[in-house]
Amino acid sequence: MKGAWLAAAAGALALAAQGAAAAGFGTSGGTTPGLLAAASAAEVVVMGRAGETERIDRHGRATWLVVERVVYGDPPQPLRVAWEDLAPRRASRLPQGEPVLLALDPLPGLSLWRQRFPAGGVRVIGARGSALRVAPAAETLAALGAFLALSAQQREGAAAVPSLVALVAAPDPGLAREALARLDALPGLARALEGPAGEQLAATALRDDGPVERGEAILALGGRRRLQALLPAARAASAAPGPLEAAGWQARAEIAGGLAPAEVAALLARDDGRLRAVGARWLRGEDRLVRLRTLLREDPDGQVRASALRALAGEATVTELVASLADPDPSVVHAALPEIAGRGEPCVEPLLGLVERGPGPIRPRALAALALIPEGRAPLARLAREHPDPQVRGFAALALGRLESDPH
C-alpha cells in the first residue's frame, strides 16, 4: 500500500509541476542550452576530426582537432579542444577520426580549468560539453552557417527566418526544435513567412521522411501564431487519414478562427480520439455546454475528456474540476490542475474533502493541487504538521517544497 501511495505521490508532483507551468507558475532556467543556443554564443563553431582523447585528470579530457570547415569565427590553428566527463563513458565524446561539429567557448577562468591548462590555448566545448554533433548532415552545416553569419540583431528579426526554416528542415531533430522555438519568438513572423520561407516550412510539415513530431510542431506553430502561410499545409494534413490529420484540423481551426458545425460534427463522430478531441475544442452552439459535459463524463478516450475540460474552462464547476483529479488518464488531471489553480479559493474545501475521504491514490493529487492555490498553502501546512496519517503529512510537506528526512 505504501508503495502505491508513493507512486501516486510522485505522479501527482510531476503533474502538478506541469500544471503549475501551464498556469503561469512555472520557472525556466537551470537547463543546459541546446546546440543552436550554444553556437549563437560561441567564440567559434567548426567541423573537424578529433585525434586521440587525452585524460587530463579525473574528469578533464582534451584532444587536438583537425579543422575541415569553419562555420563561424576564427579558430586558432592548431586547435586543442577540452571538455569534462563527469560520468564514466565507454567511448570518447569525440570519436577519433569521425567528423564532428563543435561550438567552442574560451577557456573558463575557473581555477580548476587553469590548473588543467596553465598555458591556455584551449577551447572548451560549449553547453557543458554537449554542444556537438557527430557526422552532421551537409544541410545542417549550411543552415547553421547561414544563421550564424547574421549579426546578433539580425538573428532576432525577419532576416533570420530563411536560415531558421532551413534548420527546421535539416535532419537534426534537436536543432529543428530550437529553430521552431526561435521562429515562435520572432515578431512579425506571419509577414516574414510570405514567400519561399513559408512555402519551405509548409512543405517540411508534410514531409513523410522525417519525424511525425516535427510536422505536428510546425502545424502547432501555424495555429498558435495564425500563420496563413501554413494554412495550405493544415488543409492538406486534414484532408486524409494519417498521423498529421488531427494536427491539421487543429491548425486549420486556429488559423481560420473556428470550424463549421458540420466539420465539428464529423470530427466528433470519428473513432480516433485525437480527432474527437479537436471536435470538442471547437464545439459551438446553444447546446455546447451540455455536449462538453457529456464528453467529459462519458467519452472513453482521455484526450477527449481533457479537451472537453479545457473547452469548458471557466464554465466548469468546482465540483467538475475537483472530480477530474480522480480521472484515470493523467492528461485529464493535467488539464484540471491549471484550471483549479486559476479558480483558487473556492476549490480549497473540496480538495481538503478529497484528502480526507478520497481514494488513496487520489489524495496526493488533491494535496498537489492545494499547493498551486495561494489560499491552499496554509491548510496544506497544517496537514503537514497535524494530520494523523504520516503519508499525508509527508506528502503535504513535500508539496510545500520541504522534503522531510523521514516523512513516513
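Semi-axes of the range 138-247's equivalent ellipsoid from the Cα gyration tensor, sqrt of 5 times each eigenvalue, largest first, rounded to whole Å?
On the way: eigenvalues 103, 49, 21 Å².
Over the Cα atoms of the range 138-247, the semi-axes work out to 23, 16, 10 Å.
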| task | Report the label-to-label distance for residue 318 and residue 159 in nanometres (one decimal), using points 7 Å from each Cα along the Cα→Cβ vector. | result | 5.6 nm
| Principal-axis tilt of helix 377-386 within the chain, Cα atoms, nearest 10 degrees | 80 degrees
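As an exercise, identify the trypsin sites (Lys or Arg not before Pro) in the range 220-258 lying in DSSP coil whose Cβ has no more than 12 other Cβ atoms within 10 Å. All intermediate terms of the calculation are to be shown ahead of the outcome.
On the way: sites: 224, 225, 226, 235, 252; in loops: 225, 226.
Passing sites in the range 220-258 do not exist.
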| request: Compute the long axis of helix 138-148 from its Cα atoms, compare it with the longest principal axis of the Cα atoms of the chain, and write down the angle in degrees, 0 to 90, nearest 10. | output: 90 degrees
| field | Positive minus negative residues near residue 261 (Lys, Arg vs Asp, Glu; Cβ under 12 Å) | value | 0
| query | Along the charge dipole of the range 138-247, which of 221, 187, 236 sits closest to the positive end, that is, farthest toward it, with unit charges on the beta carbon of Lys, Arg, Asp and Glu (+1, +1, -1, -1)? | reply | 187
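Let me spell out the model: positive unit charges on the Cβ of Lys and Arg, negative unit charges on the Cβ of Asp and Glu, origin at the Cα centre of the range 39-130. What dipole size does that give, in debye rounded to 20? Intermediate results must be reported in sequence, preceding the final value.
Values: 13 positive and 10 negative charges, 58 e Å.
Result for the range 39-130 is approximately 280 debye, rounded to the nearest 20.
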| When the dipole is taken about the Cα centre of the chain, and only Lys, Arg (+1) and Asp, Glu (-1) are charged at their Cβ, what size is it in debye, to the nearest 20? | 600 debye
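Can you pull out the chymotrypsin sites (Phe, Trp or Tyr not before Pro) in the range 25-119 whose DSSP state is coil and whose Cβ has at most 16 other Cβ atoms within 10 Å?
Numbers: sites: 25, 64, 72, 83, 113; in loops: 25.
Those that pass, being in a loop and sparsely packed, are 25.
For every helix of n ≥ 4 consecutive DSSP H residues, a contribution of -39,500 (n - 2.57) applies; sum these over the chain, divide by its total residues, and give [θ] at 222 nm rounded to the nearest 500 deg cm²/dmol.
Only helices count here, giving -15500 deg cm²/dmol.
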| task | For a quick protection proxy, order the peptides 163-171, 253-261 by their average other-Cβ count within 10 Å, most packed first. | result | 163-171, 253-261
| query | How much length, in nm to one decimal, is gained on full extension between residue 117 and residue 262, taken as 0.36 nm per residue of separation minus their Cα-Cα distance? | reply | 45.2 nm
| note | Helix 245-256 sits off the longest principal axis of the Cα atoms of the chain, rounded to the nearest 10 on a 0 to 90 degree scale, by 80 degrees
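No value in this document is a laboratory result; all are computed from the given coordinates. Computed from a prediction, not measured in an experiment: that's the story for all the values here. Neighbour counts run over all protein chains shown; Cβ positions are idealised from the backbone, glycine included.
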